[in-house]
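The values are calculated or read from the model by the stated rules, or taken from the named source; none is laboratory data. All figures in this text were calculated on a predicted structure; none of them were measured in a lab. Cβ placement follows ideal geometry from the backbone for every residue including glycine, while neighbour counts extend to all protein chains displayed.
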Amino acid sequence: MRVCFVNSMRSFGGGERWLLEAAEGLAARGHTITVAARTDSALAARSTATGYDTIELPMRGDGDPTSILPLARWLRSTRVDVVSVNIQRAVRVGAAAAKLAGVRAVVERRGLLFPVKPTALNRLTYRRFVSRIIANCGAIAEDLAGGGVVPADRIVVIPNGIEPSRVTAGEGERLRAELCIDRDIPVVVVIGRLVPDKGHEIALAAFAQIVEREPRAQLLVAGAGKLRQHLRTLAAETLPADSWRFLGHRSDVDAVLAAANVVLVTSFREGMPHVVLEAMSAGTPVVATGVAGIPEMIESGRDGILIPPGDVGAAADATGRLLANPDEAAAMAHAARRRVHDEFSLALMIDRVEACFEEAQGVAR
């Protein structure tokens, strides 16, 4: 099977990570992978470095001929069987190019609870050109089916997966030593792009309450984004000067997780965030907002603690509770790690994606 992943994002986030993990898993099973990415994007650089046949396109808009026509020629020349697209622009660009190239199997993957607008273009795209839609959680699938644009019988739920043995022993201690944080200091970690949807302002406000109760506590914020300067200014105004650090983008997320006592996720909008799976796999307790697919990953009180979005007090109380009760935190972390192994392994995700792509070809014929 020859698969081309089409992605229009300039930044690198969970969707792009999913793409590379799916590509790697499929390639290991003998499938041929190509990637069409936005010009000068982080994904284009990583795809090229990985060794996939990669084409860079401007993707300036839904009807951009400077993207659609070269992509159609490329799909035809590489004899692609399945085109996999992400949400937003790549759906229309990829579906149009696939139509011109004679590729009938088009699969969209959606990892955000993001409604499909009932426009004429969307109705045409989803009823005529898209063979299957992968939703990474039940909440997204229900939202799509209820919107009236996407045919319900084309939606399949495939949860994200992760390699359970991802975290390397000792990496947490290494990072703590690098940051001069003693092993007995409580560390709260927030990981994600610095954008409004992630709710970093809630996390900072919650940590202000936490550090009042536990003055030694440290907050580590890992990620890059347009709100970086705003959030740094807010932290400087509301938190003790020596209690917080912004780490920027980190390639060693496993080390950040291993260094943490609690991972705090304060998102307003999500799908099935990788950071939650990564924390669960790492054995680091999670406090997270109960939005979109997160309640499908965490049973509150068993695998972690769920809190209402935007609730500063709940975020502070739940995080403080885990910091103050290490035995309870360890029990939740153990249960979470077992759940990842049983329900959210990367191998299981690849099995399901492979089956979906093969089924899409059969439907398209």
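For residues that are more than 29 Å from GLY283 (Cα to Cα), surrounded by fewer than 15 Cβ atoms within 10 Å (Cβ to Cβ), modelled with pLDDT under 95 and not basic (Lys, Arg), tally how many sit in the range 329-365. Matching residues across the range 329-365 total 2. Identify all residues within the range 323-333 that are touching an Asp or Glu at 6+ places or on another chain (Cβ under 7 Å) and either free of Cβ contacts under 8 Å to residues at least 24 places away in the same chain or under 23 Å from GLY199 (Cα atoms) (or both); write none if there are none. Selection gives LEU323 alone.
Each row is one residue, and each column tells you yes or no for (1) of a type in the set (Ser, Thr, Tyr); (2) crowded, with 20+ Cβ neighbours inside 10 Å; (3) touching a residue at least 24 places away in the same chain (Cβ under 8 Å).
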residue: VAL107; (1), (2), (3): no, yes, yes
residue: THR125; (1), (2), (3): yes, yes, yes
residue: ARG132; (1), (2), (3): no, yes, yes
residue: CYS137; (1), (2), (3): no, yes, yes
residue: ALA141; (1), (2), (3): no, yes, no
residue: CYS180; (1), (2), (3): no, no, no
residue: ASP197; (1), (2), (3): no, no, yes
residue: LEU204; (1), (2), (3): no, yes, yes
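Determine, yes or no, whether VAL312 is of a type in the set (A, V, I, L, M), in the same structural domain as ARG228 (by TED's automatic domain parsing), in contact with a Pro (Cβ under 8 Å, 6 or more places away or on another chain) and more than 21 Å from ILE185 (Cα to Cα). So VAL312 does not fit the description; no. Assessment of the range 320-327 against the conditions (of a type in the set (D, E, K, R) and in a loop (DSSP other than H, G, I, E, B)) yields no matching residue. From the list VAL149, VAL157, the lone residue that is in the same structural domain as ILE350 (by TED's automatic domain parsing), surrounded by fewer than 23 Cβ atoms within 10 Å (Cβ to Cβ) and in contact with a Pro (Cβ under 6 Å, 6 or more places away or on another chain) is VAL149. Mind listing whichever residues of the range 109-122 are farther than 19 Å from ILE68 by Cβ and surrounded by fewer than 17 Cβ atoms within 10 Å (Cβ to Cβ)? Scanning the range 109-122 gives PHE114, PRO115, LYS117, PRO118.
Scan the range 23-49 residue by residue and report those that are closer than 19 Å to ASP64 by Cβ and surrounded by fewer than 16 Cβ atoms within 10 Å (Cβ to Cβ). Once the filter is applied, which keeps residues that are closer than 19 Å to ASP64 by Cβ and surrounded by fewer than 16 Cβ atoms within 10 Å (Cβ to Cβ), the range 23-49 yields THR39, ASP40. Apart from one condition, MET349 fits all of (1) more than 19 Å from the chain's Cα centre (by Cα); (2) in a helix (DSSP H, G or I); the exception is (1). Pairing residues of the range 38-63 that are under 20 Å from ILE87 (Cβ atoms) with residues that are of a type in the set (A, V, I, L, M) and at pLDDT below 95, at Cβ distances under 6 Å and at least 6 apart in sequence or on separate chains, gives ARG38/MET59; MET59/VAL93.
Give the residues of the range 27-60 that are assigned to a helix (DSSP H, G or I), within 19 Å of the chain's Cα centre (by Cα) and of a type in the set (A, V, I, L, M), sorted by residue number. Result: ALA42, LEU43, ALA44, ALA45. For the range 100-121, filtering for residues that are more than 15 Å from the chain's Cα centre (by Cα) and at pLDDT below 95 leaves 8.
Scanning the range 69-93 for residues that are among the small types (Gly, Ala, Ser), at pLDDT 95 or above and touching a strand residue (DSSP E or B) at 6+ places or on another chain (Cβ under 7 Å) yields a single hit, SER84. Scanning the range 122-133 for residues that are of a type outside the set (Ser, Thr, Tyr) and over 18 Å from the mean Cα position of the chain (by Cα) returns ASN122, ARG123, LEU124, ARG127, ARG128, PHE129, VAL130, ARG132.
The condition (being closer than 21 Å to ARG250 by Cα, modelled with pLDDT of 95 or more, in the same structural domain as VAL130 (by TED's automatic domain parsing) and not small (Gly, Ala, Ser)) is satisfied by just one residue among THR48, THR54: THR48.
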